[in-house]
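> The structure is given below, and queries will be raised subsequently.
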Amino acid sequence: MSYKRVLNALAVSAAVVSTNVLADWHSHAIKAMTTNIEWSYWLDASSGENHAAIDAELATVFREVDEVMNRYTESSELSHVNRTAAAHPVVVSSPLFQVLNSSIEMSRLSDGAFDMTFASVGYLYDYREKRQPSQSVIDPAISLINYRLVILDKDNQTIYFKKPGVRLDLGGVAKGYSVDKAVEVLIGRGIKHARVSAGGDMRLLGSKRGEEWVIGIKDPRQPESLAVRLPLSNVAVSTSGDYERYFIDDDGDRVHHILSPSTGKPAAELQSVTVIGEEAIDTDALSTAVFVLGTQRGLALIDSLTGVDAILIDQNRNMHYSAGLTSPQ
């Protein structure tokens, strides 16, 4: 890939490093999808566009995705699906169907490591209250984590669950999808240089006006420290880690939100996975899949794909790189 290079092990935080902010750069931030959404773009004064109109359209993109795909909101379309799709096929909107279909494809690609039905057990965890289900509670529910229980009808644009109790969570793909949609808006407005991020998912459009963007990956155990610096342009970047939503249980174990579909428990081999590719909807889901698969199988998946690379940090704090990247010397 064009960004194949020796990585700088001095990394920065998981935000874009931006220096010498130029007058024609515009930045804005909102809160949506239970995370911080940020964007910056270069607007040519002669374009006839204005910041307020662009910002309003971008905000609408994220809020509409949130209204459709947030399983924690009772009024969302996804919550309606979770309540009713086991009784009969449910007609869904085109955006939701697109994300559902993409999720099924990623489940097939990853042999089930990415599985939106993880919510069938995931809802039993409460990270704010530091509660996790016992094995006796997980056991009868684990059979409901299976993407093959979800039937999509492309002709009628419906979804149906083969078993009652199946629940979907699109947290591993919806933010990436929304970032891609926001970039589509910017391209439609004639923007050629931009950065859009939603939590751990990011798209870089063009360059930073004459130089590459520089992004960094957090140290999973020392978030204020540096791990890896990456100069990039025209790519999507997604990071999944065990440090964003977690608690430490009475046994001293880290209980985080990235569950293994095979066990219903937090995946334990890695601390962080960063995936670089073309579209955020793919890198978002792939970072989760690789986190679940672990080092060996995760890198094998990435190396089997064209135009995708990854950086993994394991529980021993060793870094692993896909074939398209070269580790520091």
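> For segment 167-245, what does the alpha-carbon gyration tensor say about shape, rounded, prolate or oblate, given a ≥ b ≥ c as the root eigenvalues, a/c under 1.5 as rounded, and a/b over b/c as prolate? Display every interim value, and only then the final one.
On the way: a/c = 3.44, a/b = 1.19, b/c = 2.90.
Note, shape of segment 167-245 comes out oblate.
> Once you order the gyration tensor axes a ≥ b ≥ c over the Cα atoms, which shape class does segment 85-226 get: rounded for a/c under 1.5, otherwise prolate or oblate by comparing a/b with b/c?
Values: a/c = 2.96, a/b = 1.41, b/c = 2.10.
Oblate, because a/c is 1.5 or more while a/b does not exceed b/c.
> To make sure I understand the rule: partners must be aspartates and glutamates, Cα under 20 Å from the Cα of Lys218, and not fewer than 8 residues away in the same chain. Which ones qualify?
Glu38, Asp201, Asp242, Glu244, Glu269, Asp284, Asp309, Asp314
> Check cross-link reach from Lys265 to the lysines: straight Cα distance under 19 Å, and skip same-chain residues fewer than eight apart.
Lys130
> Another one. May I ask you to list the aspartates and glutamates whose Cα is less than 16 Å away from that of Lys154, ignoring any residue fewer than eight positions away on the same chain?
Within reach: Glu105.
> From the square roots a ≥ b ≥ c of the eigenvalues of the alpha-carbon gyration tensor of the chain, which class results: rounded (a/c under 1.5), prolate (a/b over b/c), or oblate? Don't skip to the answer; put the middle values down first.
On the way: a/c = 1.82, a/b = 1.24, b/c = 1.46.
Oblate shape, in that a/c is at least 1.5 and b/c is the bigger or equal ratio.
> Any idea how far the Cα center of segment 207-275 sits from the one of segment 164-188, in Å?
Here the answer is 18 Å between Cα centres.
> For Cα pairs less than 8 Å apart in space and 6+ apart in sequence, what is the mean separation divided by the residue count of the chain, i.e. the relative contact order in percent?
On the way: 679 pairs, mean separation 70.6, N = 329.
Contact order relative to length: 21 percent.
> What list do you get for Leu149, Leu232 if you sort them by fewest beta carbons within 10 Å? Please list the in-between numbers first.
Details: Leu149 18, Leu232 21.
If I rank by nearby Cβ atoms, fewest first, I get Leu149, Leu232.
> Taking the number of other C-beta atoms within 10 Å as the exposure measure, put Thr60, Thr158 in order starting with the fewest.
Details: Thr60 12, Thr158 17.
Fewest to most other Cβ atoms nearby, the residues stand as Thr60, Thr158.
> Of all chymotrypsin sites (Phe, Trp or Tyr not before Pro) in segment 39-113, which ones are in loop regions per DSSP and have a Cβ with at most 14 other Cβ atoms within 10 Å? Working shown, then result.
Working: sites: Trp39, Tyr41, Trp42, Phe62, Tyr72, Phe97; in loops: Tyr72.
Here the sparse-neighbourhood loop sites are Tyr72.
> Provide Met202, Met319 in ascending order of the number of other Cβ atoms located within 10 Å of each residue's Cβ, fewest first. Write down the numbers at each step before the final one.
Numbers: Met202 29, Met319 17.
The fewest-first ordering by Cβ neighbours comes to Met319, Met202.
> Another question, if that's okay. Just grab the label-to-label distance for Arg63 and Asn101, each label 7 Å out from Cα along the Cβ direction, in nm (one decimal).
Result for the modelled spin labels: 2.9 nm.
Each reported figure results from applying straightforward, stated rules to the coordinates on display, with no laboratory input. A quick note: this is a predicted structure, and the numbers were derived from the prediction, not measured. Positions of Cβ are generated from backbone atoms using ideal geometry, with glycine treated the same way; all protein chains shown enter the neighbour counts.
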